[in-house]
1. Would you mind finding the one in E445, E441 that is under 24 Å from the mean Cα position of the chain (by Cα) and acidic (D, E)?
2. Inside the stretch 208-217, can you point out the residues that are under 10 Å from D193 (Cβ atoms) and not charged (D, E, K, R)?
3. Output the residues belonging to the stretch 324-381 that are of a type in the set (S, T, N, Q) and more than 17 Å from Y245 (Cα to Cα).
4. Name the single residue, out of those in the stretch 435-463 being in a helix (DSSP H, G or I) and touching a helix residue (DSSP H, G or I) at 6+ places or on another chain (Cβ under 8 Å), that is modelled with the lowest pLDDT.
5. Restricting the search to the stretch 91-132, which residues are over 30 Å from E368 (Cα atoms) and part of a helix (DSSP H, G or I)?
6. Inspect the stretch 123-133 for any residue being at pLDDT 95 or above, surrounded by 23 or more Cβ atoms within 10 Å (Cβ to Cβ), away from the ligand (no atom under 12 Å from the Cβ) and more than 12 Å from V248 (Cβ to Cβ) and give the result as yes or no.
7. Kindly indicate which of E81, E97, E90 is of a type in the set (D, E) and surrounded by 13 or more Cβ atoms within 10 Å (Cβ to Cβ).
8. Taking the stretch 197-243 only, how many residues are farther than 30 Å from R57 by Cα, crowded, with 17+ Cβ neighbours inside 10 Å, more than 16 Å from the ligand (Cβ to nearest atom) and of a type in the set (A, V, I, L, M)?
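The values are calculated or read from the model by the stated rules, or taken from the named source; none is laboratory data. Here the structure is a predicted model, which means the values were calculated and not measured. Cβ sites come from the backbone with ideal geometry, for glycine too, and all protein chains shown count toward neighbours.
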Amino acid sequence: MAQLGSDLESVRRVFADHGQAHVFAFWDQLDAPARRGYLAQLRRLAPMLPDWVAGRRRAISELTQVKQAQLAPMPVEALPEFGGNEPLRESARLAGEDLLASGRVAILVVAGGQGTRLGFQGPKGAFPVGPLTDRSLFHLQAQKILGLSRKLGKPIPWYVMTSPATDSETRALFRAAGFFGLKPSDVMIFSQDQVPCSDLEGNLILEGCDRVAESPNGHGGSLVALVESGALDDMARRGIDRIFYYQVDNPLIRMADPLLLGLQEIQGAEMACKVIRKRDPQEKVGVLARVDGRAGIVEYTEIQDPEKSQIDSSGELVFWAGNIAIHSFSTGFVRRVAEQADALLPYHASAKQIRQVNSEGQTVAPDEPNGYKLERFVFDALPAADRVSILEVRPSEEFAPIKNAKGKDSPDSVRKELDQQYRDWLSKAGVAVPAGIQVIEIDHEYVDSAEDALTLGVNRIEDAAPMIQGSTGMRV
Ligand code: UTP
């Protein structure tokens, strides 16, 4: 008890010295177990406070600064219909297939976010996206990996990044589902770190009488977590030197796309990015550009006219390369960025509604943003890359993220896009879908493209069961 007391005083001093004494506001009302638990959190946070104070100050002031950067477009390997080089695409695909066949590629999904806009209870990866079954995002993605591994004749390891907000539920989900048929030793689940939230004045927020509010440190935290968790060492032991990176909310993901991996390989780049063509200057998507001479992302809020609406001689937007957060990294680059994370991956603030105690000590959910979550962005690694490859893809084939509960990028809109993709594959493969079929579900382990559908050698959807199922009604 005496030790707890002296430790308590030193912890109290650290928080007071950084203007955060209010975290002890309810201390006297806490019982012994609550004090012990809370002190453990405060003890963990105390050494981070100096960096946190500086980081949140910088992040909050960034919100009101107008960036004055020199922008220039970057070379993009465009789609063939926009003048892209088909033979180069073909060589890239072959180079990527070689990388996959020689076991040099790992798949990384970032699944540590809290999915606040979607408002789903539980990790977003558990969200049921199967139109006929309750197949989750994780399950669908596992099917893709199983299929890919089968084609390669060897497993392709899957690294699943969670956060303290999603870790235990994600692990339980994988266990309960028998790892969706993957070998548990080929799935590594690891957690990113959290960072304390800040109120609008830049102070720590009390989420409860005995808890400081923290949130996952952004998808950019993955680059650090890969090192700290030992995932990168695990990859090295397996002879892996490429990481295919994607976000858990996209069921259209073209898993470990050899085209992206191979383009990076033949261009000798440390990082590669997929982009989609922005047609409307007002579209809310960040674009890849050269920013003050280095590769980077310009957020839609940061690009102003005239650059925003600038048109080239062919009538296309000059800054059209919309970032969709699908990347490939060399592992050496990830290690280098992680080692310099404080300099390369600054925290960004975004205003959010954060649960907070009121003066009576009750936790309440505010109606308006009352603070900031602080996040690192994975694309902040871009300027540090020696070379960056950029590949244009079609959103209808590769990108439909579930972000919102309703409207654009919602479960309804994404299910429609998935359904359209299935119908496109089947039509290209000459598989007839009777008019009454409202809903289709495809097992991605067996069919993950039009070419796969063709290899089934069937003309009617009924003959492709159970790999392809159609129904006249929606799932109940
Ligand atoms: P988003 O920024 O869209 O966040 O994450 P989100 O958590 O899914 O949703 P909102 O903003 O709370 O509504 C894009 C991807 O990055 C992951 C998410 O899990 C998602 O796959 N992510 C985000 C992390 O892994 N960790 C984070 O700290 C933040």
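1. Selected residue: E445, the only one of E445, E441 that is under 24 Å from the mean Cα position of the chain (by Cα) and acidic (D, E).
2. P216, N217
3. Of everything in the stretch 324-381, those that are of a type in the set (S, T, N, Q) and more than 17 Å from Y245 (Cα to Cα) turn out to be Q340, S350, Q353, Q356, N358, S359, Q362, T363, N370.
4. The extreme case among them is I461.
5. S91, A92, R93, L94, A95, G96, E97, D98, L99, L100, A101
6. no
7. Criteria check complete, one pass: E97.
8. Of the residues in the stretch 197-243, 3 are farther than 30 Å from R57 by Cα, crowded, with 17+ Cβ neighbours inside 10 Å, more than 16 Å from the ligand (Cβ to nearest atom) and of a type in the set (A, V, I, L, M).
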